[in-house]
Every structure is written in structure tokens, then in C-alpha cells.
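Scroll down for the structure; my scribbles are underneath it.
A short reminder: the numbers here are calculations on the coordinates, not readings from a lab. Since the structure is predicted, the reported quantities are computational estimates derived from the model, not experimental observations. When we count neighbours, we look across all protein chains shown, and the Cβ atoms used for this are built from the backbone with ideal geometry, even at glycine.
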Amino acid sequence: MSSLELAAPPVAVAVPAQRGRTTIADRVVVRVATRAVAEVEQAGGAARQLAGITLGRQSGQGPARVSARVDGRLAMIEIRLTLAYAAPVRTLSREVRRHVMERVASLTGIEVRHVDIEVARLLIPGQR
């Protein structure tokens, strides 16, 4: 008899629902959504705000400001960003929303039900 045959008998694997569950934190969804915004051409970051006052310059560089709330398998996301001037704002916002929803769903398995987008500024090329 070999040492493999003397090992413990095979253990039956429990049904997935009985093994436990995976919880994805809000900050994980924020990071995925922030990266997804950066992947959309003509969309950029927004300066931080404190008590309604903008801190720094709205240069479009850096990450978009994103917050998320996850409730079970659903998420709501808020995004504050800048867009390139001359690009159609409604079309570009729709593209950002669609891309964020797809990326979050594909990477985390969480369905994004709602994405609020605030366009902080339109940047003219060379204005950075």
C-alpha cells in the first residue's frame, strides 16, 4: 500500500451556499470604478472638495472622485470628474456610466443599479 492510499479518506465538498460567502467592501468597488473612469478617453479626474470649496486646480489629471455603497449584490456609485471640451457631455457621460457598470459587474460580480455623474469642469485642450 502506498502512502497516498494511507492518507485520510476523501472529504465531500459542501454545496457553495454552505461553505460561506464572499463580501466585497465599498472601497474595492470604488477602486474598480475609479480605474474604469480612467479607461474612458476624454474623461479625467477632479480636484478634491472640502465643505464645497475646491482644493487645488481642476486639471483633469489624477483620478476621478468616486464613492460607492454596496448593499449585498447591488451597488450605487457617485462619480465626480472632468470632461474634455468639445466632446458631447451627454454622450461621454453615458459612455462613462456604461463602462463603469460593466467593469464593476465583470470584476466583482456586483450589479451596479445607479451611477450619478457630476461633471466638475469641461477642460479645453492645452488648459491643463
ask   = With a sphere of radius 12 Å drawn around the Cβ of Asp116, what net charge do the other residues whose Cβ falls strictly inside it have (Lys, Arg +1; Asp, Glu -1)?
value = +3
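Quick one: net charge around Val30, please, counting Lys, Arg +1 and Asp, Glu -1 for every other residue with C-beta under 11 Å from its C-beta.
On the way: positive: Arg27, Arg31, Arg35, Arg65, Arg69; negative: Asp26, Glu78.
Neighbour charge sum, excluding Val30 itself: +3.
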key: Gyration tensor (alpha-carbon) shape descriptor, region 73-120, a/c threshold 1.5   = prolate
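Where does the charge balance sit around Met101 when Lys and Arg score +1, Asp and Glu -1, over other residues with C-beta under 12 Å from its C-beta? Walk me through the intermediate numbers first.
Working: positive: Arg94, Arg97, Arg98, Arg103, Arg113; negative: Glu95, Glu102, Glu111.
With Lys, Arg at +1 and Asp, Glu at -1, the neighbours total +2.
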note = Footprinting proxy, His114, His99: sorted fewest to most Cβ within 10 Å, the residues are His114, His99
Inter-part distance where region 21-43 and region 94-117 are each reduced to a Cα centre, Å = 8 Å
